[in-house]
1. Among the residues that make up the stretch 8-22, is at least one of them over 25 Å from the mean Cα position of the chain (by Cα) and of a type in the set (A, V, I, L, M, F, W, C)?
2. Taking only the stretch 323-346 into account, find how many residues are open to solvent by 20 Å² or more (accessible area, probe 1.4 Å) and either closer than 13 Å to A365 by Cα or small (G, A, S) (or both).
3. Which condition from (1) of a type in the set (G, A, S); (2) more than 29 Å from K378 (Cβ to Cβ); (3) surrounded by 14 or more Cβ atoms within 10 Å (Cβ to Cβ) is the one that S396 breaks?
4. If you take the residues of the stretch 457-477 that are open to solvent by less than 40 Å² (accessible area, probe 1.4 Å) and aromatic (F, W, Y), which of them is farthest from G364 (Cα to Cα)?
5. Given the conditions (1) under 18 Å from R29 (Cα atoms); (2) open to solvent by 50 Å² or more (accessible area, probe 1.4 Å); (3) of a type in the set (K, R), and given that K277 satisfies all but one, which numbered condition is not satisfied?
6. Which residue out of I64, I52, I76 is open to solvent by 30 Å² or more (accessible area, probe 1.4 Å), assigned to a helix (DSSP H, G or I) and at pLDDT 85 or above?
7. Can you name every one of the strands (runs of 3 or more DSSP E) wholly within the stretch 271-375 that holds 1 or more residues which are touching a residue at least 12 places away in the same chain (Cβ under 8 Å) and farther than 25 Å from C400 by Cα?
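The values are calculated or read from the model by the stated rules, or taken from the named source; none is laboratory data. Note that this is a predicted model, so its numbers are computed, not measured. In this analysis, Cβ positions are derived from the backbone assuming ideal geometry, glycine residues included, and neighbour counts consider all displayed protein chains. Accessible surface is based on the protein model in full, side chains and every heavy atom, while ligands, DNA and RNA are left aside. Shrake-Rupley method; radii C 1.70, N 1.55, O 1.52, S 1.80 Å.
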Amino acid sequence: MSENQVQLHQTLWNIANDLRGNMDADDFRDYILGFIFYKYLSKKMSLHANVILKPDGLEYHEVIGHEAEEILLQEIKLDALDALGYYLKPTELFSELAKRGNSGGVHKFILEDLQKVLTNIEQSTMGSESEDDFGNLFEDLDLTSSKLGKTEEAKNELIVKVLTHLEGIDFDLENNENDLLGDAYEYLIGQFASGAGKKAGEFYTPQQVSKILAKIVTTDKERLKSVYDPTCGSGSLLLRVAKEVKEVGSFYGQESNPTTYNLCRMNMIMHDVHYKKFDIYNDDTLVNPSPKHIEERFEAIVANPPFSANWNPDSIISDDRFSPYGKMAPKSKADFAFVQHMIHQLDENGTMACVLPHGVLFRGAAEGHIRKYLIEDKNQLDAVIGLPSNIFFGTSIPTCILVLKKNRASTPLSEQNILFIDASNHFDKVKTQNVLTDAHLQEIINTYRNRETKDKYSYVATLNEVKENDYNLNIPRYVDTFEEEEAIILQDVAKDLKSLETDIAKTDAIIADFCKELNIETPF
């Protein structure tokens, strides 16, 4: 990470901490991330308009008051809606609002103007191809909330401070070679997640876990036609996959939490993913999958679904995603329902990798039946990777990664096997959290890609061995990590005790001499 990156991360986090006052970090997150996004849209709009206006020798802020103002703005609007997906007038740019709010060092009232601008951004997309991608995007920036202050003046003062601080930061968007702001945005999401307790799991997967999933699904690939995350949270997993290949054709995701859904769309745009290349849908993936996604098949699927969530399968019992298995995942544990959904969406040449609680490896009843079907009937399970406990925000339960492929059935019977990796004891402890280092991550990836058996770390099990274990995938059944204690030799112990007694006698004699010289009684 460059010095500029570190500095930007720290500056943004300091602003967030300094300005939020008594507001919960979780609440302030929506404001600070929303306003960074607004500044990003403004800068992009300004840069794009300046390119259009270059032949006229004008910059965007000079259009206001120009004799051809109306014509120029109309042309720029049409172009921006196609190229960027939205439109902002020069008077609606972030820099203008920040300047107006802090005119002459005195805070001016700008809340109403700011609300109009945020509404105008969304309305500018109505009727265009980007309407779904920008609709209600700012609904979590409630400028009337009492969390911002008790009076309108107090709310205004806080907002002006945030805008003024952000205006002073150069996001370096003119430089297309780096993703400084996108990385900073992801950093802030991670920082807020670390303080959000159980809520963090709703929108963030720790970066090292994201990297493992992304590297697995991109193994031997330089380009991906599509990537999909059925519980996409803030979109960090989708974006991580894009960093592992030269190009991703399309990004697809679904998220049930409306606030997190908005965060995901902002995150995609902040990382320069064009609005025509992503489709994020807001609803329950299991019960109401996106009508646009359900008939699609994706080359890479990554996911960190909510662990052992409740769900209601009664209304979808004949759904094609679940009916071939003969049994549904339990109502109190939707883990395998997400697996079944993802397999349904997986392309024939695709790979999926998802994080699940350890219980999916050995729980019986319907889950045991589904495991057996996946292995015996479909031969789709490729690898099981045990992760250390306590690496996720908000939960300390041990987790695993399941890797599944659709085309494994075509491999020769003698090569049909499942790779087990036990990485549960390979981590560093940082404060109260367990953390995977780059070395831990690389060992997992190398072992997966080389598909090798390593003493006390990994084992390539034949399907017959898994069958002999009654399709129980509990990792200790395949990877023996037992460390035998060193044998105790009683003769050596007796020798050490005799030596110790001799040393004690010598020490007592020295103490007795000292006591005699001092003319005091010995303590023994």
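1. Restricting attention to the stretch 8-22, the residues satisfying the condition of being over 25 Å from the mean Cα position of the chain (by Cα) are 18-19, 21-22.
Then keep just the ones that are of a type in the set (A, V, I, L, M, F, W, C); that gives 19.
Within the stretch 8-22, one or more residues are over 25 Å from the mean Cα position of the chain (by Cα) and of a type in the set (A, V, I, L, M, F, W, C).
2. Narrowing the stretch 323-346 to residues open to solvent by 20 Å² or more (accessible area, probe 1.4 Å): 323-324, 326-328, 330-333, 344.
Remaining after also requiring either closer than 13 Å to A365 by Cα or small (G, A, S) (or both): 323, 326-328, 330-333.
So the count comes out to 8.
3. Condition (3) is where S396 drops out.
4. It comes out as Y457.
5. For K277, the exception is condition (1).
6. Values: I64 fails: assigned to a helix (DSSP H, G or I); I76 fails: open to solvent by 30 Å² or more (accessible area, probe 1.4 Å).
Going through I64, I52, I76 in turn, the sole match is I52.
7. Working: elements: 278-282, 298-303, 346-357.
Where strands (runs of 3 or more DSSP E) fall fully within the stretch 271-375 and carry at least 1 residues being touching a residue at least 12 places away in the same chain (Cβ under 8 Å) and farther than 25 Å from C400 by Cα, they are 278-282.
Quick grid of which residues meet (1) under 30 Å from S210 (Cβ atoms); (2) in contact (Cβ under 8 Å) with a residue 60 or more places away in the chain:
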| residue | (1), (2) |
| --- | --- |
| N434 | yes, no |
| E443 | yes, no |
| R449 | yes, yes |
| I488 | no, no |
| E501 | no, no |
| A505 | no, no |
| D513 | no, no |
| L518 | no, no |
| F524 | no, no |
